[in-house]
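Report on the following structure.
What follows is calculated from the coordinates using simple rules that are stated; it is not laboratory data. This one's a predicted model, so the numbers in the text were calculated from it and none came from an experiment. All Cβ positions, glycine included, derive from the backbone under ideal geometry; neighbour counts span all protein chains shown.
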Amino acid sequence: MPDAPPAVLLSAFADEATRPSSKAVPEQLAAVAAVGLNWYSPRWVQFPGEAPKHCVECTDAEFAELRTLQDDFGVGVTSIGSRLGKVKLKDEADRSHNKFVPWQEYLDGEFAATVRAAHALGTKLIRGFSFYHPAGTDPEPHIPQAVDQIGQLADLCAKEDLIYGLEIEPNLVGETGPLLATIAEQVDRPNMLLIWDGGNIAAQNKDAATCFAEYEAMRPYLGWIHIKDYKIDPSLTWDGYVDEERLKNFVPADVGDGGHPAVFKDLADHLPEMSHRVETLGVPGFFLELEPHLRGGGQFGGFSGPDGLGIACRALCGMLADVGIATDRRDFASLRADRGF
């Protein structure tokens with residue numbers, strides 16, 4: 001018999017899939033299940049009679065309600081879609097509106113709340129970032145401080161049997177693939193992995209070839225991939241700082257400038273080693289996670305709607321099929337198995 005094709009686990013930031021006026025959890029999980037996903041990452045959530053809040057702010061009762069809903073819809077948690085690392089490295093005024101939080105206060109507050117959420121919802125993965133250096137400055141001189149703080153986060157995560165994933169994104173110390181690879185090499189912790197996101201690179205007015213090159217730089221340290229793409233807007237210029245609230249050109253992965261065709265072709269060859277990397281840490285497989293922002297995105301989230309999530313998911317699955325990568329997406333056979341047939 002021929003070997004089975006390499007396979008990935010599909011996931012999504014489910015808060016992208018609700019109505020504009022809601023972050024209601026049942027809506028989120030219904031959309032995720034409807035497009036055939038078995039996994040999601042919680043980020044913004046909303047419970048009856050309450051305003052939306054970040055999932056790390058949930059009460060014990062709300063975590064219990066989340067777990068019940070996850071069971072009802074048959075979905076597991078990929079990662080905590082945290083905000084960790086999206087604060088300033090230095091208490092200096094700049095042209096950004098980013099905040100600075102004293103380090104121990106940050107560990108005792110946002111970090112501790114994120115760890116609590118990971119344990120409460122049954123995941124080993126925490127999505128995080130590499131901190132804001134002063135806006136418009138060269139990030140390289142700030143690498144030592146970022147490495148020190150990320151290393152501390154990774155060590156504290158290791159004590160909790162958790163994994164810290166560092167996502168590439170504009171305006172942060174790790175805004176490019178080579179910079180993130182340098183950070184990963186210097187942090188040198190097995191439980192600190194990288195997250196490639198083609199849309200976050202293309203949004204810096206970088207073409208598909210550059211986005212792929214940055215993926216290659218990150219590949220030795222990759223833990224999972226976010227699926228977002230962006231069509232370069234010639235009216236916007238990259239001058240060392242991206243106004244994330246102005247970014248409007250997010251598109252499905254099959255029509256953007258993020259280099260996904262080349263990335264998926266390469267991924268098909270390297271997926272066994274990448275899957276092994278995360279499985280040795282107790283993760284069930286290598287995740288591709290939809291974060292499409294098809295109706296817009298900003299610093300702390302995005303919105304696609306249920307139809308947008310479906311569009312993004314179908315585009316992704318078609319591209320994966322083209323390069324021979326299988327997925328764990330639900331089908332009729334899995335539905336019959338759930339019914340005991």
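Data overview
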| item | result |
| --- | --- |
| Electrostatic dipole magnitude of the chain [Cβ: Lys, Arg +1; Asp, Glu -1; Cα centre; debye, to 20] | 660 |
| Extreme residue, positive dipole direction of the chain, given options Leu9, Asn249, Ser21 (C-beta unit charges) | Ser21 |
| Mean separation of Cα contacts under 8 Å, 6 or more apart, over the residue count of the chain: relative contact order % | 20 |
| Linear extension gain, Asp161 paired with Asp188, 0.36 nm per residue minus alpha-carbon span | 8.1 nm |
| Peptides 166-172, 270-276 ordered by average Cβ neighbours within 10 Å, highest first | 166-172, 270-276 |
| Of Ala118, Ala209, Ala12, the one that fluctuates the most in a GNM where the chain has Cα springs shorter than 10 Å | Ala209 |
| Within the stretch 216-258, chymotrypsin sites (Phe, Trp or Tyr not before Pro) in DSSP loop having at most 14 other beta-carbon neighbours inside 10 Å | Trp238 |
| Net charge of Cβ neighbours under 11 Å - reference Thr210; Lys, Arg +1; Asp, Glu -1 | -3 |
| Paired Rg and Dmax values of the stretch 215-341, which use every Cα atom, in angstrom | 16.7, 59 |
| Förster radius 22 Å - calculated FRET efficiency between Arg314 and Glu279, Cβ distance, rounded to 0.05 | 0.20 |
| Stretch gain in nm, segment Asp138-Leu335, where the contour uses 0.36 nm per residue and the Cα spacing is subtracted | 65.7 nm |
| Pairs from Lys124/Lys265; Lys53/Lys231; Lys86/Lys206; Lys231/Lys265; Lys124/Lys228; Lys206/Lys265 whose Cα-Cα separation, in the structure shown, is over 26 Å | Lys124/Lys265; Lys53/Lys231 |
